[in-house]
Structures are given as C-alpha cells and as structure tokens.
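What follows is a set of notes on a single structure, which appears directly below.
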C-alpha cells in the first residue's frame with residue numbers, strides 16, 4: 001500500500017475501540033483479524049487503486065462503507081472472530097443475502113422482548129450473540145428461499161424454526177448449536193429445515 005494511502009488509513013483508524021472478549025487470547029486474535037480486515041476492505045473497496053467504472057461499483061462501495069462503519073466501531077471480539085469465517089468479501093462484491101455477523105447493536109435489537117437467558121455472564125453473552133445471529137441468518141435465508149421460488153410451506157417451516165429460536169431460554173442450547181465457522185449458520189438452518197428443527 002502506498003505511503004499516502006497508508007497515512008489516510010492510519011488517520012481513519014486512530015480511535016478504534018479496545019476489543020473485549022472471553023479471554024486475552026481471543027481479544028488478541030480478534031485484534032489481528034480486525035487489523036487485517038480493515039486493511040483489506042480499505043485497500044480494495046474504500047480507497048481502491050483503480051476505481052471500477054462498471055455499474056455495480058456504487059453498490060459495492062455502499063456495502064463496503066456499511067461494513068467499514070462496523071469495523072471502526074465494534075468492540076466485541078466475537079464479532080471479528082465470526083467475521084473471519086463469514087463471506088463478507090462475497091457480500092461486498094455481490095450484495096447476496098449472506099448474513100454478516102451481528103454487531104453489538106444488532107445483538108441487542110434481535111434479543112429485545114425475548115426470554116431472558118440466565119447463567120454465567122460469559123455464557124449468556126455468547127448465547128445472546130448466537131441467538132441474534134441465528135435470527136438474522138434465518139431472515140437472510142428466508143430471503144434467499146423467496147428469491148429461489150421455494151414453496152411457501154418450506155418458508156413457513158423456517159418461520160416456525162425462528163419462533164422456536166425466539167422461545168428458548170437456556171443459554172447452553174445456543175452454545176451447543178453454534179457452528180464452528182460463521183458461514184455454516186446457513187447450513188445449520190438448512191439442516192433444521194430438513195429435519196424439522
């Protein structure tokens with residue numbers, strides 16, 4: 001990256017929040033992932049060396065800016081750990097309904113008016129993030145099913161699965177079901193759709 005471009009990047013990233021997570025190792029790993037992701041998104045999409053002149057470029061730039069805002073403000077280590085296993089580059093390029101990890105704001109929004117989870121603070125924190133991600137992913141998955149013209153009965157079944165997710169109050173239920181890689185949330189929902197939840 002040219003020196004002038006790196007200077008602009010440094011100026012835009014001077015006030016990054018300290019990341020908090022379940023352990024120091026998690027925080028350190030998330031910090032490295034954040035640095036790499038910020039550099040990639042900035043270099044390729046926020047300030048590309050050769051701005052594309054095709055018609056889809058404004059959409060890519062808008063999606064990149066949306067992610068960029070989260071990269072600069074998110075303080076949860078879990079967000080960046082999940083982002084690494086997501087398809088965020090594909091999402092920037094195509095705008096496909098791939099769900100990105102939930103920001104702290106989205107976690108709070110998706111958990112509003114749902115059963116309170118009780119248990120050890122770190123377990124509850126992770127479970128809230130997983131529940132929010134399952135809900136967000138199910139919404140994106142439903143959109144995908146709609147675009148593919150999948151029968152209404154299957155979409156209804158997915159809504160029933162979403163209602164079940166909303167009703168669970170045991171944080172360990174979410175911990176046990178969390179996919180190891182973020183991109184597998186869709187696979188998990190698809191398997192529940194086949195099995196019936």
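Could you say whether any residue in the stretch 37-58 is surrounded by 13 or more Cβ atoms within 10 Å (Cβ to Cβ), without any contact (Cβ under 8 Å) to a residue 40 or more places away in the chain and more than 23 Å from residue 4 (Cβ to Cβ)? No, every residue in the stretch 37-58 fails to be surrounded by 13 or more Cβ atoms within 10 Å (Cβ to Cβ), without any contact (Cβ under 8 Å) to a residue 40 or more places away in the chain and more than 23 Å from residue 4 (Cβ to Cβ).
Of the listed requirements (1) touching a helix residue (DSSP H, G or I) at 6+ places or on another chain (Cβ under 8 Å); (2) touching a residue at least 12 places away in the same chain (Cβ under 8 Å), residue 143 misses just one: (1). Within the stretch 2-21, being under 14 Å from residue 39 (Cβ atoms), assigned to a loop (DSSP other than H, G, I, E, B) and within 27 Å of the chain's Cα centre (by Cα) holds for 13, 16.
Among the candidates 123, 150, 107, single out the residue that is in a helix (DSSP H, G or I) and over 20 Å from residue 83 (Cβ atoms). Full working, then the answer.
Numbers: 150 fails: in a helix (DSSP H, G or I); 107 fails: over 20 Å from residue 83 (Cβ atoms).
So the residue among 123, 150, 107 that is in a helix (DSSP H, G or I) and over 20 Å from residue 83 (Cβ atoms) is 123.
Is there a residue in the stretch 3-22 that is modelled with pLDDT of 95 or more, within 24 Å of residue 131 (Cα to Cα) and surrounded by 15 or more Cβ atoms within 10 Å (Cβ to Cβ)? No; the residues of the stretch 3-22 include none that is modelled with pLDDT of 95 or more, within 24 Å of residue 131 (Cα to Cα) and surrounded by 15 or more Cβ atoms within 10 Å (Cβ to Cβ). When 163, 90, 105 are checked against the criterion of being over 25 Å from residue 37 (Cα atoms) and free of Cβ contacts under 8 Å to residues at least 12 places away in the same chain, a single residue qualifies: 163.
Of the residues making up the stretch 16-28, those that are free of Cβ contacts under 8 Å to residues at least 60 places away in the same chain and more than 19 Å from residue 175 (Cβ to Cβ) are 16, 17, 18, 24, 27, 28. Here is the figure for the stretch 109-119: residues that are closer than 18 Å to residue 78 by Cα and without any contact (Cβ under 8 Å) to a residue 12 or more places away in the chain total 0.
Condition check: surrounded by 15 or more Cβ atoms within 10 Å (Cβ to Cβ) and assigned by TED's automatic domain parsing to the domain that holds residue 184. Does residue 142 satisfy that?
Values: surrounded by 15 or more Cβ atoms within 10 Å (Cβ to Cβ): yes; assigned by TED's automatic domain parsing to the domain that holds residue 184: yes.
The answer is yes for residue 142.
For (1) part of a helix (DSSP H, G or I); (2) at pLDDT 90 or above; (3) closer than 22 Å to residue 85 by Cβ, each residue gets a yes or a no:
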site	(1), (2), (3)
141	yes, no, yes
157	yes, yes, no
166	yes, yes, no
172	yes, yes, yes
192	yes, yes, yes
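Among the criteria (1) part of a helix (DSSP H, G or I); (2) buried (at least 19 other Cβ atoms within 10 Å of the Cβ); (3) outside the structural domain of residue 27 (by TED's automatic domain parsing), the one residue 101 does not fulfil is (1).
The values are calculated or read from the model by the stated rules, or taken from the named source; none is laboratory data. Given the structure is predicted, the values throughout are model-derived calculations rather than measurements. Cβ atoms come from the backbone with ideal geometry, glycine included; neighbour counts cover every protein chain shown.
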